[in-house]
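What follows is a short report on a single structure.
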Amino acid sequence: MSTIIYIPNDSAAISIGADQVAALVAQEAVKRSLDVTIVRNGTRGALWLETLVEVVTPQGRIAYGPVQPEDVSSLFDADFLHGGAHPLALGVTDQIAWFAGQDRVTYKRVGLIDPLSLKEYESHGGLVGLRKAITQSGSDIVAEVTASGLRGRGGAGFPAGIKWKTVLDAQADQKYVCCNADEGDSGTFADRILIEADPFTLIEGMAIAAVAVGATQGFVYLRSEYPTAIRRLRDAIAIAEGAGVLGTSVLGSKHAFNLEVRVGAGSYVCGEETAMLESLEGKRGVIRSKPPLPAIAGLFGKPTIINNVLTLASVPAVIADGAAAYAARGTGRSLGTQVFQLAGNIARGGIIETAFGVTLETLVNTFGGGTLSGKPLRAIQIGGPLGAYFNSSQLGVSMDYESLAAAGGMLGHGGVVLFDDSVDLAQQAKFAMEFCALESCGKCTPCRLGSTRGAETIEKIISGVDVPANKLLLLDLCEVMTDGSLCAMGGLTPLPVKSAMNNFPEDFTGGAKK
Amino acid sequence: MSFPSWSIEEATRVLSPLKNVQGPVLIALQAVQERFGYVHEDAVGLIAETFNVSRADVHGVLTYYHDLRTAPAPARCIQICVAEACQAVGSRELVAAVEKKLGKKIDETHADVEIKAAYCFGNCALSPAAMVDGELVGRATVEKVTA
């Protein structure tokens, strides 16, 4: 009988040699006349273990990692096809503490299956939500999503059900569902991995949204920096069309829904929902003033649901298992699970999906294992380039929307980036301003010009020029940017700057670098 | 990477399947760049005419997006992520080392090889990240990106 070996085809795994490992495993099996079937699954999210090779045995899937190309022949020597002992052997994958401590809901199939096998998707619980949705009324679906407490995972945290209800109630000849997959925040990669590892979940979530509000056309706005995700999602859409999941009759129902991938062109601000709409319409990615809300007048002026990948990918589980099961997880008004991403200078980086309310300490140390360099942890940026920098005395914070806001930060898209003690927070603050200057769409003056002035002012502080006065000036500028910008780009750039000043005042004294 | 030289006939052929696309300008520019490696100045007028929009609209889109280039692509393109997660594991030092090795500055235009700053490839748990001629590189080093 052929032994099944899983080797990821995720772009991160490939970036450190997964394709070479797969090719060598195939070669070596032929050489040794062993009957193996290699399945290219998505990554299971433990990027620190990539390339993670799994072998199916009677005990379950046994993991070996991180496997380098040069390890392959010794794995065969150790009889890894029967779970043999080897320095890289990790035991049954599901029992590895890093996985066992997670609660995977949105990510429940990620890494378990061949991403483009609709059959495997269904055998792992796929399409249950959509099959249920097509028998329900739009308002029932929306009520279920509302009751689940699901909030926008892109960063704003707006309740998904309320947004959907606005679109449902709007009268129009055409409605749209748009998925924001412009995951530009440094330190985030959960959208990419979901699309590469389990694209049908996103397609199903979008189809449920479309059925709920009566939309017949959907778009996924996917960034150009993710070429593998673009190819895979397009392949998955074609398979879904062929199987009748998408098209003129969704799973044989009266609902039509077509889906198209549109590719971004390297603009960070196009992750802001109205700039994304402009870009989807083929224009410059300049943000729009609100109102009107996109739910009333969105893409091409029509009522439009815009949700992040993770929001839409959570919907199939909400509908399949019911709102109560989802809402039973989490804390306060942050219900369900969050797909956290551990990144930067981290020993065990990757995807941690767990209920809201986990502490930063647990993420950083229990899961993450501290810094990669082994040097002391000094700073943690949560929520991307527009998120706050925390210091190592703040690890007790609960990771949920409200607690992070109360601590002077924000959850954003759930990225957690670690820095060791070589980091200079004045330089990081300056970078935040420079990035804003580079990526500002130019509509609001505080963002367009303030960011450049901000970078200059921080440079003066770093150089020791009139430090107290320039710090006051910087704070004043931050206030103008916060209050005077239409969107989060200019409005939140002060967050990393001010948090760096507050939590690392010793880096803003204008002295020579430590 | 090699691309054919610009020709208005070929560009017209590239644009013809896009006739019925809603909001076509960005997609048209991307299609032209995919075919020729860059957007030739004559493409602006061609796209304006094909889709019945103003040249100003096309020019505005062309100059807005970082991905779109108006000069032929270099033979080799090394993009290095310089955003926070990669900074945390030495991307600033990596850029300096690659600049030194190749004798070229980041974000300068050259015909043979270009080093470009990038902002996130979504490979932030295996930083620093780079993309060399479209291939993602994890745990990037000078050797890996200039190999």
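The values are calculated or read from the model by the stated rules, or taken from the named source; none is laboratory data. Here the structure is a predicted model, which means the values were calculated and not measured. Here Cβ is always computed from backbone atoms with ideal geometry, including for glycine, and neighbour counts include all displayed protein chains. The accessibility values were calculated without ligands, DNA or RNA, using every heavy atom of the protein model including side chains. Shrake-Rupley method; radii C 1.70, N 1.55, O 1.52, S 1.80 Å.
Odds and ends about this structure:
- Of the set (1) hydrophobic (A, V, I, L, M, F, W, C); (2) crowded, with 24+ Cβ neighbours inside 10 Å; (3) closer than 21 Å to A:Gly383 by Cα, all apply to A:Leu438 but (2).
- A:Glu273 meets each of the listed conditions (1) surrounded by fewer than 18 Cβ atoms within 10 Å (Cβ to Cβ); (2) within 22 Å of the chain's Cα centre (by Cα); (3) acidic (Asp, Glu) apart from (1).
- Of the criteria (1) surrounded by fewer than 24 Cβ atoms within 10 Å (Cβ to Cβ); (2) of a type in the set (Val, Ile, Thr); (3) not in a strand (DSSP E or B), which one A:Thr354 fails: (3)
- Top-ranked residue in the stretch B:119-128 [being in contact with a strand residue (DSSP E or B) (Cβ under 8 Å, 6 or more places away or on another chain) and facing chain A (nearest Cβ under 7 Å); ranked as farthest from A:His413 (Cα to Cα)]: B:Ser127
- Residue ID - nearest to the other protein chains (Cβ to nearest Cβ), chosen from residues in the stretch A:1-27 that are open to solvent by 20 Å² or more (accessible area, probe 1.4 Å) and in a helix (DSSP H, G or I): A:Ile14
- Residue among A:Thr337, A:Thr366 that is over 25 Å from B:Phe121 (Cβ atoms) and under 15 Å from the mean Cα position of the chain (by Cα): A:Thr337
- Selection within the stretch B:76-90: residues that are more than 9 Å from every other protein chain (Cβ to nearest Cβ) and open to solvent by less than 10 Å² (accessible area, probe 1.4 Å). The member of this set that is nearest to the chain's Cα centre (by Cα) is B:Ile78.
- Count of residues meeting criterion [over 22 Å from A:Ser279 (Cβ atoms) and either at the interface with chain B (Cβ under 8 Å from one of its Cβ atoms) or assigned to a loop (DSSP other than H, G, I, E, B) (or both)] in the stretch A:162-191: 4
- Subset of the stretch A:224-236 that is open to solvent by less than 10 Å² (accessible area, probe 1.4 Å) and either in contact with a strand residue (DSSP E or B) (Cβ under 9 Å, 6 or more places away or on another chain) or part of a loop (DSSP other than H, G, I, E, B) (or both) - its residue that is nearest to the other protein chains (Cβ to nearest Cβ): A:Tyr226
- Residue count for the stretch A:28-44, restricted to those that are within 13 Å of another protein chain (Cβ to nearest Cβ) and over 25 Å from B:Val132 (Cβ atoms): 1.
- Residues satisfying the stated conditions in the stretch A:237-264, i.e. closer than 19 Å to A:Leu222 by Cα and among the polar types (S, T, N, Q): A:Asn258
- B:Ala140 vs. criteria aliphatic (A, V, I, L, M), within 13 Å of B:Ile78 (Cα to Cα) and either open to solvent by less than 10 Å² (accessible area, probe 1.4 Å) or assigned to a loop (DSSP other than H, G, I, E, B) (or both): yes
- In the stretch B:108-118, of all residues being surrounded by fewer than 21 Cβ atoms within 10 Å (Cβ to Cβ) and touching a strand residue (DSSP E or B) at 6+ places or on another chain (Cβ under 6 Å), the one that is nearest to A:Ala190 (Cα to Cα) corresponds to B:Ala118.
- Annotation note: of A:Asp466, A:Asp421, the sole residue that is within 29 Å of the chain's Cα centre (by Cα), farther than 29 Å from A:Gly154 by Cβ and acidic (Asp, Glu) is A:Asp421.
- Options B:Val39, B:Val21, B:Val61: the member that is within 10 Å of another protein chain (Cβ to nearest Cβ) and in a loop (DSSP other than H, G, I, E, B): B:Val21
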